[in-house]
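Worksheet for the structure shown next.
The values are calculated or read from the model by the stated rules, or taken from the named source; none is laboratory data. Predicted, not measured: the structure shown is a model, and the values here were computed from it. Cβ placement follows ideal geometry from the backbone for every residue including glycine, while neighbour counts extend to all protein chains displayed. Just so you know, the surface numbers come from the protein's heavy atoms only, side chains and all, with ligands and any DNA or RNA stripped out. Shrake-Rupley method; radii C 1.70, N 1.55, O 1.52, S 1.80 Å.
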Amino acid sequence: APRRRVGAGVRLHQLAEAFARAGVTVPHGECPLVAIGGHAQSGGYGHIARAFGMHLDYVAAFTIVLADGSVRRVPRPPMSRAAGTADWASAPSPAGAPQCYPSTLDERLFYSVLGGGPGSFGVVTEYEYDVIVDTQWPDSWGMQNAYVYRRALLDVLLRTYQRWVSSPPPPDVDLFATVVSAREWYMPSDGMVLVELAHRTGMRHVPTTTAAATAYR
């Protein structure tokens, strides 16, 4: 996969916009003003995590300033896809299980920094990503619907979600609902329900969540 280098102070909306122009992406969260420096070090859970993995899965290397003032480029240690389930082994994420217990300083730093909490082990200044290329997933599909918040609508969504997950959904489908019940500075109304669906390999079926919400509206 192609590599992209990004400064740790870049915010998620800037990352998404720049990557979109280049026809690539990585999984990440939805809060636009969060910087990737802390986002990657906290795991980077996002809306396509089931289909493509976490943000940190795509970090190929990072540059870090340690407490003694030294600057190190820390690459991802060798991975083994043999560990885990068949779904894990066939997932598009470039990450995987470590082949052995981390022993070198770089190996310990890599796994400690990514998931250990921002700033705990040094100051990360840059990340290198193995990115997802848009053209490699021509059948992927997504949608987003926004609704004015109402408690009755939230009840409909929660009941529908419960029915949908009563049997395991396909591993390449992500379904998210973001609920804000009070007005925020970035919202046009006094509350919002945002429903999002992403499908890695094409729309084989659409859950009834969106249909239920649309019918209520």
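Based on this model, can you work out whether Leu56 counts as touching a Gly at 6+ places or on another chain (Cβ under 6 Å) and either crowded, with 24+ Cβ neighbours inside 10 Å or of a type outside the set (Gly, Ala, Ser) (or both)? Here the answer is yes, as Leu56 does meet what is asked. Of the residues making up region 34-50, just one is farther than 24 Å from Val74 by Cα and buried (at least 23 other Cβ atoms within 10 Å of the Cβ), namely Ile48.
Kindly indicate whether Val131 is of a type outside the set (Ser, Thr, Tyr), in contact (Cβ under 8 Å) with a residue 60 or more places away in the chain, over 30 Å from Arg76 (Cβ atoms) and touching a helix residue (DSSP H, G or I) at 6+ places or on another chain (Cβ under 8 Å). So Val131 does not fit the description; no. For region 20-49, a tally of residues being under 25 Å from Tyr111 (Cα atoms) and assigned to a helix (DSSP H, G or I) returns 7.
Residues that are at pLDDT 75 or above and in contact with a His (Cβ under 7 Å, 6 or more places away or on another chain) number at least 3 in the following strands (runs of 3 or more DSSP E) confined to region 75-192: 173-180. For Cys31, the conditions (1) open to solvent by 10 Å² or more (accessible area, probe 1.4 Å); (2) touching a strand residue (DSSP E or B) at 6+ places or on another chain (Cβ under 6 Å) all hold with the exception of (2). Within region 109-118, being within 11 Å of Ile64 (Cα to Cα) and in contact (Cβ under 8 Å) with a residue 60 or more places away in the chain holds for one residue alone: Val113.
Annotation: of all residues in region 18-53 being under 9 Å from the mean Cα position of the chain (by Cα) and of a type in the set (Val, Ile, Thr), the one that is modelled with the lowest pLDDT is Ile48. Annotation: of all residues in region 117-166 being in contact with a Gly (Cβ under 8 Å, 6 or more places away or on another chain) and of a type in the set (A, V, I, L, M), the one that is most open to solvent (accessible area, probe 1.4 Å) is Val148. Inclusion of Arg3 among residues that are surrounded by fewer than 16 Cβ atoms within 10 Å (Cβ to Cβ) and of a type in the set (Lys, Arg) is warranted.
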